[in-house]
Structures are given as C-alpha cells and as structure tokens.
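K.L.:
The structure is given below, and queries will be raised subsequently.
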Amino acid sequence: MPEKKHSKVLIIGSGPAGYTAAVYASRAMLEPILVQGIQPGGQLTITTEVENWPGDTEVQGPDLMVRMEAHARAVGTEIIGDHINSIDLSNRPFTAEGDSGTIYTADAVILATGAQAKWLGLPSEEKFKGFGVSACATCDGFFYRGQEVVVIGGGNTAVEEALFLTNFASKVTLVHRRDSLRAEKILQHRLFKNPKVEILWDHAVDEVVGAESPLGVEGVKVRHVKTGSVTEVPCKGFFVAIGHAPASELVKDQLETHMGGYVVTKPDSTATSIPGVFAAGDLTDHIYRQAVTSAGMGCMAALEAEKFLAEIEEAAEPEPAAEPAE
C-alpha cells in the first residue's frame, strides 16, 4: 500500500516562494508539508553571486536556499524530497501523487513550482552556466562592468536585457537569427539609438568558448544562417534571452493559464481559478521574476491559505442549539 500523508497545506516547490510560504504557514500553526521537487531550491541553486537580496551585500545562491530551507524546517515545516507527478484539484481534499508513490492530500495547496529559462541546448552553454553564461541580466549584469557581453534573442525579453546591460557593459552585441526583431516598437527604438549596442542580424550561436582554469567565457561562435560563415565574437558574458517556460505542466489542464502557461491569479492575490489553490513566484509571474518578489508572493499565499481554511472551518461548525422555549 502506498504511504498516505495529509496536511492542511501542501506546498509544491522549494524556491523562495515555496520556502517563504512554508515559514508563514508554519507560524500560523497549519503544519504544512513541502515537497521539494526535482531541483530543491529552484533557479537560485544555479546562480552564483546574488547581490540584490535584502540584508546580504553578497550571498551565494545555493547558500541562500540552504538557509531558507533551514528556516522552514526550524519553524516546523515537514520537508520531503519527492517530486509531484500528478495532482487532482477537482475535489477537496486535493490529492497529489509523488514519484515515490506517496499519496498527499491537503485542504489547501500552494503551487510554487517556478519557471525555467529556455536554453539553446548547447553543451558549451551548459558547461559555462554560472561562469559567464546567464539567463538573467538583472541578476548578473552588475558583474560585467566595463566588459563586452552578448545577448541572444529577438523578443521583448532580449531587448530589455540588452538595454539593461548597457548600464554596465562597454558593449552589448545582440544576436538574432532573423532580420527583424519581434520586440515592441518602442523597445526597438531605444535599442537602435543606444550607442553601446551592436546587432548581428541573421546569426545563430553555435558555441560558447572560454578558459578552463578558472572557468570563464571569452567569446561565442556565431554562424550566419544564410551564408554559413562562422565568426567569433569576444565577450565575457553571454546572456540567453529566448524566453521562460513556467513549470505548469502539473496543473495546466485544471487551472486557468495565460502568456504561454503562467497560472492566472486574481488581482492583488495569489488565489487561482480553483478556491483553496494558490500560486506564487515565477509560476505566475511573467514580469519581475526576482527572488524577492517570489518570496513576497509566498508570504501572500500562506496568509491567504490561512484565511481560506479558517473560513472553511467556521462554515463547518454546527449551529448552536436553540434555547428551549419557556
């Protein structure tokens, strides 16, 4: 027989949103269970220096997530190293199944499964992740002051990242495989008039090249998609900006989504289209995608779950017996 676990609140995901939700839910005496997923700690575990987390001038991403996990455990969260592969939100209590075979039931669910940057899939890209290859200019742009960087992409994300990087880099080369951008016209206008930006039209990135000891990016090899000619562009940072994919496969057929799979929440809330199910962090945030905003939404989700459960319990209480007539 598979093991069964019931909790008032089941938190799925273990980035800043999940761990913060766990802290608040535990402090509300909801005795939450948090299932960590495939990548405990989320995207911050592949980020090296973090310099925009309040209270820490600089902190390593993995270290920050270790501290968050320890905090959640210290206040009473049961943290389980499992991966939820299916969930049924059609009835309460909600039911989820883990890869371990464990069946989890819960009166409320907080989804904090995050999102993943889309990558090119190059072996060299994987090799230099965190050592010059990044998918977040606002996270890592600061480290490239006075240096040359390359951005790949052609949509709003790529143009916004390129413009942001001009605040630090001496030169930003935007590589795009077509001869026109998909980004909004106002963003294109800003890009074209920025003297630090050079655009390589009709090019694709074939390889990231760099030093071995210490590991670090030194350039990218780009190929002209029409002529096939290969050029090496020198750079110290390579930013992949071809979009993000929210990890919503688990619930995409049960909850309302938009913008390519991001879970829809009510205005100024983490409540989803199903009462008792809340979504926080990058799973629902296609705009900011920052650790601090994810943590804030995790707090919101826990407080809203607490309120939801209190209202359910209050509604279930029997009416007091009427006083007997004289």
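K.L.:
Considering only residues that are out of contact with any helix residue (DSSP H, G or I) (no Cβ under 7 Å at 6 or more places or on another chain) and in a strand (DSSP E or B), which ones fall in segment 245-261?
P.N.:
In the first step, residues of segment 245-261 are kept if they are out of contact with any helix residue (DSSP H, G or I) (no Cβ under 7 Å at 6 or more places or on another chain); the result is 245, 249-261.
Hits for segment 245-261 are ALA245, THR257, HIS258.
K.L.:
Further, regarding this structure: Would you say ALA70 is loosely packed, with under 15 Cβ neighbours inside 10 Å and in the same structural domain as VAL50 (by TED's automatic domain parsing)? Lay out the reasoning, then the answer.
P.N.:
Values: loosely packed, with under 15 Cβ neighbours inside 10 Å: yes; in the same structural domain as VAL50 (by TED's automatic domain parsing): yes.
Criteria met by ALA70.
K.L.:
Residue by residue through segment 88-116, note down the ones that are crowded, with 20+ Cβ neighbours inside 10 Å and either closer than 22 Å to ALA295 by Cα or in contact with a Leu (Cβ under 6 Å, 6 or more places away or on another chain) (or both).
P.N.:
Matches in segment 88-116: TYR104, ALA106, ALA108, VAL109, ILE110, LEU111, ALA112, THR113, GLY114, ALA115.
K.L.:
On to the next question. May I ask you to say which residue of GLU306, GLU249, GLU313 is charged (D, E, K, R) and more than 30 Å from MET65 (Cβ to Cβ)?
P.N.:
Working: GLU306 fails: more than 30 Å from MET65 (Cβ to Cβ); GLU249 fails: more than 30 Å from MET65 (Cβ to Cβ).
Of GLU306, GLU249, GLU313, the one residue that is charged (D, E, K, R) and more than 30 Å from MET65 (Cβ to Cβ) is GLU313.
K.L.:
Just to check your reading of the model, which residue among GLU232, GLU218, GLU319 is at pLDDT below 95, of a type in the set (D, E, K, R) and surrounded by fewer than 20 Cβ atoms within 10 Å (Cβ to Cβ)?
P.N.:
After ruling out the rest, the residue left standing is GLU319.
K.L.:
Residues of segment 199-215 being closer than 22 Å to GLN147 by Cβ, more than 28 Å from the chain's Cα centre (by Cα) and surrounded by 15 or more Cβ atoms within 10 Å (Cβ to Cβ), which ones?
P.N.:
Answer for segment 199-215, where residues must be closer than 22 Å to GLN147 by Cβ, more than 28 Å from the chain's Cα centre (by Cα) and surrounded by 15 or more Cβ atoms within 10 Å (Cβ to Cβ): ILE199, LEU200, HIS203.
K.L.:
Also, I was wondering about something else. Please work out if MET29 is free of Cβ contacts under 8 Å to residues at least 60 places away in the same chain and within 22 Å of the chain's Cα centre (by Cα).
P.N.:
Working: free of Cβ contacts under 8 Å to residues at least 60 places away in the same chain: yes; within 22 Å of the chain's Cα centre (by Cα): no.
So MET29 fails the test.
K.L.:
Return yes when GLY121 is farther than 14 Å from ALA22 by Cβ and touching a residue at least 40 places away in the same chain (Cβ under 8 Å) and no when it is not.
P.N.:
Working: farther than 14 Å from ALA22 by Cβ: yes; touching a residue at least 40 places away in the same chain (Cβ under 8 Å): no.
No.
K.L.:
From PHE238, PHE278, grab the single residue that is in contact (Cβ under 8 Å) with a residue 40 or more places away in the chain, in a strand (DSSP E or B) and within 23 Å of MET68 (Cα to Cα). Before you say what the answer is, go through the steps one by one.
P.N.:
Details: PHE238 fails: within 23 Å of MET68 (Cα to Cα).
Unique residue meeting the criteria: PHE278.
K.L.:
Could you check HIS224 against (1) on the phi < 0 side of the Ramachandran plot; (2) under 18 Å from the mean Cα position of the chain (by Cα); (3) free of Cβ contacts under 8 Å to residues at least 24 places away in the same chain and say which number it fails?
P.N.:
(2)
K.L.:
Turning to a different aspect of this structure: Suppose we keep only residues that are without any contact (Cβ under 8 Å) to a residue 12 or more places away in the chain and not in a strand (DSSP E or B) within segment 181-213. Which one would you say is nearest to PHE143 (Cα to Cα)? Quick ask: steps written out before the conclusion?
P.N.:
Step one: list which residues in segment 181-213 are without any contact (Cβ under 8 Å) to a residue 12 or more places away in the chain, which gives 185-186, 189, 192-193, 195, 211-213.
Still in the list and also not in a strand (DSSP E or B): 185-186, 189, 192-193, 195, 213.
Numbers: LYS185: 29, ILE186: 27, HIS189: 26, PHE192: 24, LYS193: 24, PRO195: 21, SER213: 19 Å.
Looking at residues that are without any contact (Cβ under 8 Å) to a residue 12 or more places away in the chain and not in a strand (DSSP E or B), I get SER213.
K.L.:
Now, a different point. Please pick out the residue among LEU111, LEU165 that is assigned by TED's automatic domain parsing to the domain that holds THR57 and under 21 Å from the mean Cα position of the chain (by Cα).
P.N.:
Working: LEU165 fails: assigned by TED's automatic domain parsing to the domain that holds THR57.
Result: LEU111 is the single residue among LEU111, LEU165 that is assigned by TED's automatic domain parsing to the domain that holds THR57 and under 21 Å from the mean Cα position of the chain (by Cα).
K.L.:
Moving on. Every residue in segment 146-168 that is crowded, with 20+ Cβ neighbours inside 10 Å and closer than 18 Å to GLU232 by Cβ, please.
P.N.:
Passing the criteria: VAL149, VAL150, VAL151, ILE152.
K.L.:
Step by step: first the residues of segment 135-161, then only those that are small (Gly, Ala, Ser) and farther than 20 Å from ASP206 by Cβ, then the one that is nearest to the chain's Cα centre (by Cα). Which residue is that? Give the steps one after another, and end with the answer.
P.N.:
Taking segment 135-161 as the starting set, the residues that turn out to be small (Gly, Ala, Ser) are 135, 137, 141, 146, 153-155, 158.
From what is left, the residues that are farther than 20 Å from ASP206 by Cβ are 137, 141, 146, 155.
Values: ALA137: 14, GLY141: 18, GLY146: 29, GLY155: 19 Å.
Ranking the candidates gives ALA137 first.
K.L.:
Moving to a separate point now. Among the numbered criteria (1) farther than 14 Å from VAL205 by Cα; (2) at pLDDT 95 or above; (3) among the hydrophobic types (A, V, I, L, M, F, W, C), which one does LEU122 miss?
P.N.:
(1)
The values are calculated or read from the model by the stated rules, or taken from the named source; none is laboratory data. Note that the structure is predicted; figures quoted are calculated from it, not measured. For neighbour counting, all protein chains shown are included, and Cβ atoms are generated from backbone atoms with ideal geometry for every residue, glycine included.
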